[in-house]
Structures are given as structure tokens and as C-alpha cells.
Amino acid sequence: LLSAIRHLTLMEEGRNRRAVDYKNLGARELGSVYESLLELHPLIHLEAATFALNAVAGSERKTTGSFYTPEELIAVLLDSALNPVIEQALARAGSAVENQQAAITNLKVCDPACGSGHFLLAAARRLARRLAQVRTGESEPPPEVQRAALREVISQSIYGVDINPMSVELCKVSLWMEA
């Protein structure tokens, strides 16, 4: 167990050891780790009491369709699909701030192949920014207002499913870390 904890918390580069920076770990890094893990298959030898990971080049990743979605594609998709929905909801809500807040938090975003949650995080940030703008009346709301809005949006408006249960867990961790 101590060896496992050391491997999870320290990186060795030559003769130097440094702590792993989990504070800045995001959906992109988790997605990369996840894709790498899909290319490894565990081999457990009970008689010899050993464990090994064998690399099987892209087999499970390809068969499950697990691929990282580039940020540029996500931005275009959010611009063309989510932004119009947000603006329509706000237009229907009228000018009362309470109604506009409810219009945003009542929106639901579902990713049917959530993977590490990269798309859902981007959608949550977009919704949270707009919610914070409505609450403050400012085009650049303060970070603390955006963080509170992000927690609210993630808890009320963001949904993800995936054929791979490991993806769902990874997505939940990504969303939790962001919130």
C-alpha cells in the first residue's frame, strides 16, 4: 500500500522526486489518463503473486469509441447549439432577474457519451458565466459569483451517460473537482 501511495503522490525524474500536482489536474488530463488506461490490460498471476499491465494498442479505446474531443470543436458546438438555447430561454423569461436565473438553471445539458466530462465542463462553465452575468448585471462577473453559479449549474443542469462505467466515474470526478 505504501508503494502504491508513493507512486500516486511522487514522480521521479532521474534522481529527483517531486510531488504530483493534483490541484491543477483537469478534465483534459483525466481524459488523457483515461484513454491511456483503455490501452492497458491487467494480468494477474495468482500463483506468482504478481500484477502487470500489458499495452494493447488502442483496442478497447477504439472499440468503445473513447476519444478526446478537441476544445475547438466543443467551442463551436456550444456556440451553435447552447448559446441560442440560453438566449431563447432568457427571452421567454422576461426582464425579471429571478425569472432569468430560473430560466438558466432549468436548462438541462446531457452528453450521451460523456467520457471524462470535457464537453459537460465546458457547457457548465458557459451556463455559469451567463448565470453570473444575470445575477450581477456585469459582463465580467467576479470569480466568486462565477464559482457559486458553476456549483449550482453542475448540480442542477448537467447530465452525462456513457457505455463505459469507468467514464461515468471519471466524469463525476471531473465535475466534482470543478465544482
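The values are calculated or read from the model by the stated rules, or taken from the named source; none is laboratory data. What you are looking at is a predicted structure, and each value in this text was computed from that prediction instead of being measured. We place every Cβ from the backbone using ideal geometry, glycine too, and count neighbours over all the protein chains shown. Note: areas computed on protein heavy atoms with side chains; ligands, DNA, RNA excluded. Shrake-Rupley method; radii C 1.70, N 1.55, O 1.52, S 1.80 Å.
Considering the conditions (1) loosely packed, with under 14 Cβ neighbours inside 10 Å; (2) under 22 Å from Glu29 (Cβ atoms); (3) hydrophobic (A, V, I, L, M, F, W, C), Val97 is excluded by exactly one of them, (2).
Selection of the range 149-179 for residues being of a type in the set (A, V, I, L, M, F, W, C) and either modelled with pLDDT under 95 or surrounded by fewer than 17 Cβ atoms within 10 Å (Cβ to Cβ) (or both) yields Val161, Ile163, Met166, Val168, Leu170, Cys171, Val173, Leu175, Trp176, Met177, Ala179.
With the structure loaded, tell me whether Asn24 is open to solvent by 100 Å² or more (accessible area, probe 1.4 Å), at pLDDT below 80 and over 22 Å from Val168 (Cβ atoms) or whether it fails that test.
Working: open to solvent by 100 Å² or more (accessible area, probe 1.4 Å): yes; at pLDDT below 80: yes; over 22 Å from Val168 (Cβ atoms): yes.
It is true that Asn24 is open to solvent by 100 Å² or more (accessible area, probe 1.4 Å), at pLDDT below 80 and over 22 Å from Val168 (Cβ atoms).
Among the residues examined, Arg125 qualifies as assigned to a helix (DSSP H, G or I) and surrounded by fewer than 19 Cβ atoms within 10 Å (Cβ to Cβ).
Is it true that Leu150 is within 25 Å of Tyr22 (Cα to Cα) and in contact with a Gly (Cβ under 8 Å, 6 or more places away or on another chain)?
no
Return a yes/no flag: does the range 108-129 have any residue that is at pLDDT 95 or above and over 20 Å from Val76 (Cα atoms). Among the residues of the range 108-129, not one is at pLDDT 95 or above and over 20 Å from Val76 (Cα atoms), which makes the answer no. Just the residues that are more than 18 Å from Val153 (Cβ to Cβ), among the hydrophobic types (A, V, I, L, M, F, W, C) and assigned to a helix (DSSP H, G or I), please, taken from the range 64-117. Within the range 64-117, Leu73, Val76, Ala91 qualify. I need a count of the residues in the range 128-165 that are within 30 Å of Ser36 (Cβ to Cβ), assigned to a helix (DSSP H, G or I) and hydrophobic (A, V, I, L, M, F, W, C). Adding up the residues that qualify gives 4.
Collect the residues in the range 28-67 that are polar (S, T, N, Q), at pLDDT below 80 and either in contact with a Phe, Trp or Tyr (Cβ under 9 Å, 6 or more places away or on another chain) or open to solvent by less than 80 Å² (accessible area, probe 1.4 Å) (or both), keeping them in residue-number order. Of everything in the range 28-67, those that are polar (S, T, N, Q), at pLDDT below 80 and either in contact with a Phe, Trp or Tyr (Cβ under 9 Å, 6 or more places away or on another chain) or open to solvent by less than 80 Å² (accessible area, probe 1.4 Å) (or both) turn out to be Ser32, Ser36, Asn54, Ser59, Thr64, Ser66.
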